[in-house]
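The values are calculated or read from the model by the stated rules, or taken from the named source; none is laboratory data. Because the structure is predicted, anything quoted here is derived from the model rather than measured. For neighbour counting, all protein chains shown are included, and Cβ atoms are generated from backbone atoms with ideal geometry for every residue, glycine included. All accessible areas refer to the heavy atoms of the entire protein, side chains included, with ligands and DNA or RNA removed. Shrake-Rupley method; radii C 1.70, N 1.55, O 1.52, S 1.80 Å.
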Amino acid sequence: MIFAQDLRHGLRMLAKAPGFNLAAVLTLALGIGANTAIFSVVDAVVLRPLPFPRSNQLVAVESVDTIHGGIDSSASYPDFFDWRSQNRVFSGMTAFHDTQFTLTGVHQAEHLGGEVVSSNFFSTLGAAPALGRGFLPEEEKPGHHRVILSHRLWQSDFGADPGIIGRSIMLNGQGYTVVGVMPAEFQFPPETPPVELWATISADAEAPAGDTPMTAQRGAHWLSVMARLSPGMPLERAQADMGRIAANLAKQYPDSNVDCAGARLEPELERLLGNVTPLLWILFAAVGCVLLIACANVANLLLARALGREKEMAIRAALGASGGRVVRQLLTESVTLSLAGGAVGLLLAAWSISGVLHLAPQDVPRMGQIRIDGAVFLFTLLVAVATGLVFGLAPALHGVKTNLVGTLKESGRGLSQGVRQNRMRSVLVVTEMALAVALLACAGLLIRSFARLERVNPGFNARNLLTFRVSLPDARYTNEQQVAFYDTLRRRLAALPGVRAAGVLWPLPLSHSHIDLTFSVVGHPTARADQPDADIRFAGPGTFRIMGIPLEEGREFTEQDSRNAAPVAVVNQAFVEKFFPGQDPIGQRIVPDVSDHHVDQVPPYEVIGVVGNVKSRNLSDAAPAEFYLPYSQVMISGLTTEVRTAVAPQALASAVRGVVASIDPDIPVYDVETMEQYVGAAVAQPRFSMLLLSLFAGLALVLTALGLYGVISYAVAQQTHEFGVRMALGAAPGDVRRQVLMGGARLALAGIVIGLAGALGVTRLLHAMLFGVSASDPATFAAVAAALAAVALAASYLPARRATRVDPVVALRQE
């Protein structure tokens, strides 16, 4: 009942000052809305558990190099089989890897992203098909081609036919029996675009006569491994058990496992998120600072308003209102204001989420699940209430301390109260300035880092370069036929109008794909366990010229480097500096470990050329040592084709598809992108963090300037009489203006000094996100201090100018 009375009275009081309330609500809406928007991202990506039963039990299993200290997140099939059979700590362990499928026989040939999984994949996750069944253990063996469809694929390509179970569909030229359809909400791994089907490891267990299947190659690491902890099993004990198994395998298989003699367990959600989590928490902390600045601004507004209500508070106290009742009344008003700001902020957040999704990198997991739901609404409500209490506390305490006799006698002048209030308002502004400095320093460092990252030379020319992939099914194409396909494709593409040249290269730089391969140098025998390693890429004739990768020495691949010609290789400068220092690399012979056979069964490849370094993994790291082999001599499925154009690259996408269809209409084209898109994706996460943090820092700067302007304006209004007397006694307007500006400068200087000291500690959290700039970069900190000083000067100038226009006669008459 009392609360209802307070609420009604508070609403009446707020209605009397619509301009004041609008300013307060909009200020709060900006702070609360920004927090709500970022919280919706953090909640969807980081806070929500994986959508599986007891998902906290799901852990990623990774190999640890106990010799060099590195971590290999992938595993081989034989290691996985041993881990699965020998562990005593997991209720289930599964392995999976990305793959590409070509679906034919339904409509036109369609490319689908899929996963190859062990038989217990779904049971380990705790998921079950909505239709049909999961995989059986025996379906891991050769000849058991089984597949489970996504709900979307079942609807779009098979018309949601319940009779799909038991049907055979053609994938990569082979028949696969459909045994299940997953629920609509199931998605794992949570990738974009989503996985469309899951197949057993049966195909990896098969190989042409004389070759070793992938399931038997202990040195081929390309599986992700996930396990479910047994109920009550602590992570530390499970890690110790896996360490025991890894150490035993290193002793049993020294050639392949000596550099992975340890194991590490990591919650599966953490593995999926990677380095996204720290970025989101930094952004969340940034919007928290914006909200604190908004609170300080509104608190200053309320403190200014409180001086005009001192007589009201004094009368209430004289009539018997207790201090607690006065505090409750003022907090009710501030919380009401905050709830209104929260409501507007929620609308702003809902509107801004689409912008956040547009800016966010495409590889951030679960971004598609961001929405305003009950959790986000509850967060907004709690933030609004807490915010109302925070910014309403100082004015409420001020109201309790009102001098009853003095206020009634002086009609509310309350000089001592005004002095105390000004001190409090100054402290709030200094706090705002300090928070703004920290945010601006972080934003400034990211801006400088991003600018340097964009100036990095990737080692190739990305302009007018169209790329695409095709996947040739092994069931229909032998190695010789695949080589012939790409040779024909290159020639036909080169004949298209608007095309200058066409080549083949895989993995493509900055495509998040790389193959690390061991090798030996002829004349320098090395035990297999001690062999060096480097990144390997497969290229075609003219590829380096087409990509714009400079040829530094020797020659590149030509049409004569065929399957029957002498094996050749091209290396980059980093490879030469690391493995042939002070030597002529041309003519050196290396033996790459391109099979699971012994090294002496692999022919040596003669180095015929040296090319420039390419930023192949990311733009911020040094270029790795790499060697290139001709695809005609070592054929790998799923090569990328590059087309150098004389026109806009995407304008040729349709013509490219037509050329592929003219060679084989059952081969779909996918991953059609320009090389500039790959470069853009490489800086997508730095751009995302830089833009958002800069936006929040700019918002903080504006709010801080408004807060400083309000404090100086209020001080000028209180000192009108003083300024009038001084000017009546002969003070020059410049002296008055200087006094006001100095007041603002003192507040700004205090805030800048405190803020810079705090920023030195805060910016260290950005160390991993910076490129080419120190976390304590003096130039950035100096620029931030100068920017804040300029803004403070601008915010103080208008009140200072107003002070010089005080009419001494009017001021003295009012006295």
Return a yes/no flag: does the range 508-523 have any residue that is within 18 Å of Asp671 (Cα to Cα), open to solvent by 60 Å² or more (accessible area, probe 1.4 Å) and not hydrophobic (A, V, I, L, M, F, W, C).
yes
Those residues of the range 56-68 which are open to solvent by 20 Å² or more (accessible area, probe 1.4 Å) and under 18 Å from Arg366 (Cβ atoms) amount to Asn56
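This table checks each residue for (1) open to solvent by 30 Å² or more (accessible area, probe 1.4 Å); (2) modelled with pLDDT under 80; (3) assigned to a helix (DSSP H, G or I); (4) closer than 30 Å to Ala360 by Cα.
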site	(1), (2), (3), (4)
Leu695	yes, no, yes, yes
Ala700	no, no, yes, yes
Val711	no, yes, yes, no
Val725	yes, yes, yes, no
If you go through Arg264, Arg228, Arg237, Arg244, the only one that is in a strand (DSSP E or B) and surrounded by fewer than 18 Cβ atoms within 10 Å (Cβ to Cβ) is Arg264
Out of curiosity, is Val116 among the β-branched types (Val, Ile, Thr), in a helix (DSSP H, G or I), under 24 Å from Pro194 (Cα atoms) and in contact (Cβ under 8 Å) with a residue 24 or more places away in the chain?
no
- Message: I'd like to check something: does the range 609-619 contain any residue that is within 32 Å of the chain's Cα centre (by Cα), at pLDDT below 90 and open to solvent by 30 Å² or more (accessible area, probe 1.4 Å)?
- Response: yes
A careful count of residues in the range 213-225 that are in contact with a His (Cβ under 7 Å, 6 or more places away or on another chain) and surrounded by fewer than 21 Cβ atoms within 10 Å (Cβ to Cβ) gives 1
Q) Taking the condition open to solvent by less than 10 Å² (accessible area, probe 1.4 Å) and modelled with pLDDT of 80 or more, does Gly388 pass? A) yes
Would the range 638-653 turn up any residue that is buried (at least 19 other Cβ atoms within 10 Å of the Cβ) and among the basic types (Lys, Arg)?
yes
Is it the case that some residue within the range 172-191 is assigned to a loop (DSSP other than H, G, I, E, B), at pLDDT below 95, more than 33 Å from the chain's Cα centre (by Cα) and surrounded by fewer than 15 Cβ atoms within 10 Å (Cβ to Cβ)? yes
Among strands (runs of 3 or more DSSP E) completely within the range 515-582, the ones holding 2 or more residues that are free of Cβ contacts under 8 Å to residues at least 40 places away in the same chain are 515-521
Flagged in the range 467-497 as aliphatic (A, V, I, L, M), open to solvent by 30 Å² or more (accessible area, probe 1.4 Å) and in contact with a helix residue (DSSP H, G or I) (Cβ under 6 Å, 6 or more places away or on another chain), in numbering order, are Leu496
Of the listed residues (Leu292, Leu307, Leu269), the one being out of contact with any His (no Cβ under 7 Å at 6 or more places or on another chain), at pLDDT below 75 and open to solvent by 20 Å² or more (accessible area, probe 1.4 Å) is Leu307
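Okay, residues lined up against (1) within 22 Å of Ala263 (Cβ to Cβ); (2) at pLDDT below 95; (3) hydroxyl-bearing (Ser, Thr, Tyr):
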residue	(1), (2), (3)
Asp43	no, yes, no
Leu47	no, yes, no
Pro51	no, yes, no
Leu58	yes, no, no
Asp65	yes, yes, no
Ser76	yes, yes, yes
Trp83	yes, no, no
Phe90	yes, no, no
His97	yes, yes, no
In the range 126-151, residues that are of a type in the set (D, E, K, R) and surrounded by fewer than 16 Cβ atoms within 10 Å (Cβ to Cβ) total 3
Per the list (1) outside any loop (DSSP other than H, G, I, E, B); (2) under 30 Å from Asp593 (Cβ atoms); (3) charged (D, E, K, R), residue check on Arg476 breaks on (1)
Leu26 vs (1) out of contact with any strand residue (DSSP E or B) (no Cβ under 9 Å at 6 or more places or on another chain); (2) among the hydrophobic types (A, V, I, L, M, F, W, C); (3) open to solvent by less than 10 Å² (accessible area, probe 1.4 Å): all pass except (3)
- request: State yes or no: is Val429 touching a residue at least 24 places away in the same chain (Cβ under 8 Å), open to solvent by less than 40 Å² (accessible area, probe 1.4 Å), in a loop (DSSP other than H, G, I, E, B) and β-branched (Val, Ile, Thr)?
  value: no
